[in-house]
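First the structure, in the form of structure tokens, and then the observations on it.
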Amino acid sequence: MDVVPYPPEFAARYRAAGYWRGETFGGMLRDLAAAHGERTALVGDGERWSYRRLDERADRLAAGLTRLGVRPGDRVVVHLPNRPSFYEVCFALFRIGALPVFALPAHRAAEIGYFCEFTEAVAYIAPGTHAGFDHRELAAGLKVPNVLVDGDPGPYLALDELRAADPLPPAPGPEPADVAFLQLSGGSTGVPKLIPRTHDDYIYSFRASAEICGLSERSVYLCALPAAHNFPMSSPGVFGTMAAGGTSVLAPNPAPDVCFPLIESERVTITGLVPPMALLWADAAGRTRHDLSSLEILQVGGAKFTEEAARRVGGVFDCVLQQVFGMAEGLVNYTRPDDPPEITLTTQGRPISPDDEIRVVDDQDAPVPDGEPGHLLTRGPYTIRGYYRAAEHNAVAFTTDGFYRTGDIVRVTPAGYLVVEGRAKDQINRGGEKIAAAEVENHLLAHPAVHDASVVAVPDDYLGERTRAHIVARAAVTGAELRAFLRERGLAGYKIPDQFAFAETLPATAVGKVSKRHLRERT
Ligand code: OOB
């Protein structure tokens, strides 16, 4: 089975409670175009698109993709940067009922090749060149029937040619309970896991998020992080802003010198950042001549925002600071805009939904005493019940009663707020970018000079964590050579270890596995 459905009794409950409204993305955009027609939905890449324009463009592209042979249920790897066409492509696929697979801009041939093969994608959609990288060269090595280029197509097909298509007659389209897209997991396993989100569950999560953040037609959201990531997509992100009839401004990257002028010129009211960026913004805000006074909410999430960092950032911006602790698998927690500082500075918020179930347990899955730290397990109206095509992994990543094992260590305050205390999963959180140690280790082990490899996090003042690879070599090799090797294999840049350490042996646990705890203590 590709997808683990919500059990019928839960689905019925979520519908009865009004969380799942029986909406699809395609229908939502149709309604938005009717309600907000000429309002600006998207700004970016030198363009401004109204809701009506986005709706029409999505129809035209859906027609072109259908004529090309893209069918309901087909997977399409979408590898686009922050630009309006990212959403045009999303809604075109949503209307067909084809599933975007959301790759991150930093992904390279290793990741993209895997997504194409694993999902048996019918197409790869990418820019021509972006940020100095030629996606057409990457495409040359892919086993995928169609390569569609948003830009100069080279030897491939230009999206512009598909856009010229006349609209198709209305088709039934997907059901609200159907999977809408596949999102990426931060991962802790050898290959990335894919997260199937339904129209029902995802639309609920961003509508409720928009409400928590008080979004309205006058809201202007700045999408500074990569649009394909769950945080800027839905927490409340661009989709949540759309649901409220607001405007989203797409920044090519989150740097202050790019975003501050946009905040000023577009009168941005809300944005979301990862902790290192928030610190960078706080430094830059002290010396900027740009007017940032329109900002009402600054969200920070994706990695632990320490109290010290939160105080620094909160002291600089004259707006509400909001912590966001979420995961692409589902559960998202927010501090609320009217929470007092002791909550926004020291907790990672509380769940979106009254029906988000939280369990904090010990290593044997027994509940820990109230307020004590333990493993966070969760189940609810927008948390998946299983990864895509991953029956074996699902057996360990979910409890038998359907709780997702987040891999995070948390405690719950008496007021029901979560505080992230650490992590049990074998993952590195490099300033919000997630790296599965096993994935990088596998690539390192493919080098002939590497006998053994173990990748761990080392603390870092700026990023929170960086990566160090501990290597046992069987022939002479340097860190620089291994770095070049990983790049040649097409691994995303953020996964390439920051440091290499060479040793005769790796420390072992009692059962003979590599002891990462001991490795982390090595300097
Ligand atoms: C977000 O989603 P993912 O899927 O990239 O990563 C999820 C993991 C969490 O399990 C946790 O380990 C970590 O990222 N995390 C945080 C955090 N927010 C995420 N750890 C500590 N404090 C936080 N505030 O990162 C994501 C998805 C939606 C909204 C926001 C973030």
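To the nearest 20 debye, what charge dipole does region 25-174 have about its Cα centre, counting +1 at the Cβ of each Lys and Arg and -1 at the Cβ of each Asp and Glu?
Here region 25-174 has a charge dipole of around 260 debye.
Within the shell of other residues whose beta carbon sits under 10 angstrom from the beta carbon of Pro153, the net charge comes to -3, with Lys and Arg scored +1 and Asp and Glu -1.
Compute the relative contact order of the chain as a whole-number percentage, counting only Cα pairs closer than 8 Å that sit 6 or more residues apart in sequence.
Relative contact order for the chain comes out at 12 percent.
Spacing of the modelled spin labels on Val458 and Ala35, each 7 Å from Cα toward Cβ, amounts to 5.2 nm. The separation of region 218-259 from region 411-489, counted between C-alpha centres, amounts to 29 Å.
Under 20 Å Cα to Cα from Lys434, which lysines show up? Leave out anything in the same chain fewer than 8 places away. Within the straight-line limit of under 20 Å, Lys434 reaches these lysines: Lys193, Lys304, Lys425, Lys495, Lys516.
Starting from one equal scatterer on each C-alpha and no solvent at all, send me the Debye-based log10 I(q)/I(0) for region 427-522 at q = 0.25 Å⁻¹, two decimals. Debye output, listed in q order: -1.42.
If R0 equals 30 Å, the separation of the Cβ atoms of Val511 and Ala449 corresponds to a calculated FRET efficiency of about 0.65.
Ratio of Rg to Rh for region 281-372: 1.06 [Cα atoms; Kirkwood radius as inverse mean 1/r over pairs]. Each semi-axis of the equivalent ellipsoid for region 22-110 is √(5λ) with λ an eigenvalue of the Cα gyration tensor; in descending order they amount to 22, 18, 11 Å. So what does log10 I(q)/I(0) come out to for region 295-347 at q = 0.17, 0.19, 0.21 Å⁻¹, using the Debye formula with one equal point on every Cα and no solvent? Those come out to -0.47, -0.59, -0.71, one per q. When +1 charges are put on Lys and Arg Cβ atoms and -1 charges on Asp and Glu Cβ atoms, the dipole computed for the chain relative to its Cα centre reaches about 520 debye. Shown here: region 141-253, whose C-alpha atoms stretch 46, 43, 36 Å along the first, second and third principal axes, sorted largest to smallest. Computed about the Cα centre, the dipole magnitude for region 60-120 is approximately 260 debye when only Lys and Arg (+1) and Asp and Glu (-1) carry charge, each at its Cβ.
If we count other beta carbons within 10 Å of each Cβ, what is the order of Glu120, Glu111, Glu504, Glu56, fewest first?
Numbers: Glu120 12, Glu111 22, Glu504 6, Glu56 15.
So the ranking, lowest neighbour count to highest, is Glu504, Glu120, Glu56, Glu111.
Using only alpha-carbon positions in region 427-466, the gyration tensor eigenvalues give semi-axes of 23, 10, 6 Å once each is multiplied by 5 and square-rooted (largest first). Dipole of the chain computed with +1 at Lys/Arg Cβ and -1 at Asp/Glu Cβ about the Cα centre; of Phe500, His199, Val360, farthest Cα towards the positive end is Phe500. Here the Kirkwood formula puts the hydrodynamic radius of region 73-168 at 13.3 Å, using every distinct Cα pair. Taking the Cα atoms of the chain, the ratio Rg/Rh between the radius of gyration and the Kirkwood radius comes to 0.95.
Any read-out appearing in this document is the output of simple, stated calculations on the displayed coordinates, not a laboratory observation. Computed from a prediction, not measured in an experiment: that's the story for all the values here. For neighbour counting, all protein chains shown are included, and Cβ atoms are generated from backbone atoms with ideal geometry for every residue, glycine included.
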